[in-house]
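Student: First the structure, which I've put down as structure tokens, then a few questions once you've had a look.
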Amino acid sequence: MLWCVVYQAKPRGITVIQAKKTILATGGCGQLYRETTNPEVATADGIAMAYRAGATLCDLEFMQFHPTTLYIAGASRALITETLRGEGAILLDYEGKRFMKEYHEAGELAPRDIVSRAILDRMLKTNSTHVHLDIRHFDKEHFSKRFPLISELCESFDIDVSKDLIPVRPSAHYMIGGVKADAGAGTSVKNLFGCGEVASTGLHGANRLGSNSLLEGLVFGKIAGRAVSGQLNSGVSDLRHRRMKYDIAPSDRSRLDADDVRASLRALMWRNVGITRREKPLKEAQEIIRFWHRYVMDKVFDSSYGWECQNMLQASLLMAQAAEKRKESRGVHFRSDFPERDDENFSEHIELSRDR
């Protein structure tokens, strides 16, 4: 199979690259959620492209949420490392009450998914947009040396950590699932490889440990590079360029505004496919996303922004489907209507593909 990759290159416009083999290294999908630590480019493009190509996707229900990101209205969510809690930082609700011991015996040192759910529950109970991280008892000079980036971040928002509480809330952080890849970084589609956050290699289980992203990115990046380079002949002189037919029938439906769709989609995913899930909201999410599909997926866009919108819609639908299929709670996937782990019925991975 000869791979064709279409991308937008300035100032030349749309460009087509034909290759014998292709490595997907497009990163994660945090931008599917209203609250995220991810950069603007994390729009699940690799997941959507691989799905359209017929590749098998795996574990899409496992999205990790980081419990403490800086909450400043109008500002992007910046990660406040859990190492602070490891060194004695305390979580307080909006009313100033310490609450983590009510949810887990380890308190602030509980696993990320438990802390995220506890914070979300506390926000709902106190009708607030965030909780607070208290490090007022830290030595300020030691803090600035030990955590220089966080210190600078707080100062940039006029937060004096020796006197002020740090407003925090959970945000979408890392996609554990993705394009199913084997030990050689190969996917179910011939000549397509995957590495990094776009891939589902099985390294993380159902609840990723911090910094395991380095393992998946660096190790499998090297494995993918070696696999491809070892299979290719030297030079590309034998590459046969094929004629491409570009013929898409005009859409007979109105066009929805991509900005509005993206904003609405991110809010929907946060509400219905977020930290806690239930069957009815998951089904509603799929219904709403399919409605947007009818007015967005059959359009031809002139910019990558529109393509990203299509990719976001496709990946979101697949994530909601996977989350509905797994009727149990395991790792970062928590179903409030099925709060227990069910090894008898759900010990296997949930796989999705275009042909299934």
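A quick yes/no check of all residues on (1) in contact with a Ser or Thr (Cβ under 8 Å, 6 or more places away or on another chain); (2) over 30 Å from residue 283 (Cβ atoms); (3) not assigned by TED's automatic domain parsing to the domain that holds residue 159:
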residue	(1), (2), (3)
33	yes, no, yes
52	no, no, yes
83	no, yes, no
97	no, yes, no
113	no, no, no
121	no, no, no
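Student: Taking the condition of being of a type outside the set (Gly, Ala, Ser) and either within 22 Å of the chain's Cα centre (by Cα) or assigned to a loop (DSSP other than H, G, I, E, B) (or both), how many residues in the range 84-107 meet it?
Tutor: Applying the first criterion (of a type outside the set (Gly, Ala, Ser)) to the range 84-107 yields 84-85, 87, 90-95, 97-105.
Filter once more, keeping what is either within 22 Å of the chain's Cα centre (by Cα) or assigned to a loop (DSSP other than H, G, I, E, B) (or both): 87, 93-95, 97, 99, 103-105.
So the answer is 9.
Student: So residue 115 passes all but one of these: (1) touching a His at 6+ places or on another chain (Cβ under 9 Å); (2) of a type outside the set (S, T, N, Q); (3) under 30 Å from residue 307 (Cβ atoms). Which condition number does it fail?
Tutor: Of everything listed in (1) touching a His at 6+ places or on another chain (Cβ under 9 Å); (2) of a type outside the set (S, T, N, Q); (3) under 30 Å from residue 307 (Cβ atoms), residue 115 misses just condition (3).
Student: Let me ask something additional. Of everything in the range 306-335 that's small (Gly, Ala, Ser) and surrounded by fewer than 21 Cβ atoms within 10 Å (Cβ to Cβ), which residue is farthest from residue 53 (Cα to Cα)? It would help to see each step written out before you state the result.
Tutor: Here is the first cut: in the range 306-335, the ones small (Gly, Ala, Ser) are 306, 315-316, 320, 322-323, 329, 331.
From the residues that got through so far, the ones that are surrounded by fewer than 21 Cβ atoms within 10 Å (Cβ to Cβ) too are 306, 331.
Values: 306: 19, 331: 29 Å.
That would be 331.
Student: Out of the range 128-167, which residues are surrounded by 14 or more Cβ atoms within 10 Å (Cβ to Cβ), within 21 Å of residue 93 (Cβ to Cβ) and basic (Lys, Arg)?
Tutor: 136, the sole residue that qualifies.
Student: Could you tell me how many of the residues in the range 197-235 are over 13 Å from residue 24 (Cβ atoms), aliphatic (A, V, I, L, M), touching a Gly at 6+ places or on another chain (Cβ under 8 Å) and touching a residue at least 60 places away in the same chain (Cβ under 8 Å)?
Tutor: Residues meeting the conditions: 1.
Student: Do you know which residues across the range 108-154 are hydroxyl-bearing (Ser, Thr, Tyr), touching a helix residue (DSSP H, G or I) at 6+ places or on another chain (Cβ under 9 Å) and part of a helix (DSSP H, G or I)? So that I can check it myself, show each step before the final result.
Tutor: First, the residues of the range 108-154 that are hydroxyl-bearing (Ser, Thr, Tyr): 116, 126, 128-129, 144, 151.
Now restrict to residues that are touching a helix residue (DSSP H, G or I) at 6+ places or on another chain (Cβ under 9 Å): 128-129, 144, 151.
144, 151 - these are the residues of the range 108-154 that are hydroxyl-bearing (Ser, Thr, Tyr), touching a helix residue (DSSP H, G or I) at 6+ places or on another chain (Cβ under 9 Å) and part of a helix (DSSP H, G or I).
Student: Related question: Collect the residues in the range 182-196 that are in contact (Cβ under 8 Å) with a residue 40 or more places away in the chain and either of a type in the set (Asp, Glu) or at negative phi (or both), keeping them in residue-number order.
Tutor: So the first thing to find is which residues in the range 182-196 are in contact (Cβ under 8 Å) with a residue 40 or more places away in the chain, and the list is 183-196.
Of everything in the range 182-196, those that are in contact (Cβ under 8 Å) with a residue 40 or more places away in the chain and either of a type in the set (Asp, Glu) or at negative phi (or both) turn out to be 183, 184, 186, 187, 188, 189, 190, 192, 193, 194, 195.
Student: Taking the options 344, 287, name whichever one is closer than 27 Å to residue 202 by Cβ, outside the structural domain of residue 115 (by TED's automatic domain parsing) and charged (D, E, K, R).
Tutor: When all the criteria are applied, what remains is 344.
Student: Restricting to the range 74-117, and then to whatever is in contact (Cβ under 8 Å) with a residue 40 or more places away in the chain and small (Gly, Ala, Ser), can you tell me which residue is nearest to residue 39 (Cα to Cα)?
Tutor: This residue is 78.
Student: Inspect the range 211-218 for any residue being at negative phi, part of a loop (DSSP other than H, G, I, E, B), modelled with pLDDT under 90 and of a type in the set (S, T, N, Q) and give the result as yes or no. First the steps, then the outcome.
Tutor: First pass over the range 211-218, keeping only residues at negative phi: 212-218.
Restricting the remaining residues to those that are part of a loop (DSSP other than H, G, I, E, B) gives none.
Among the residues of the range 211-218, not one is at negative phi, part of a loop (DSSP other than H, G, I, E, B), modelled with pLDDT under 90 and of a type in the set (S, T, N, Q), which makes the answer no.
The values are calculated or read from the model by the stated rules, or taken from the named source; none is laboratory data. Here the structure is a predicted model, which means the values were calculated and not measured. Neighbour counts are summed over all protein chains in view; Cβ atoms, including those assigned to glycine, are modelled from backbone coordinates with ideal geometry.
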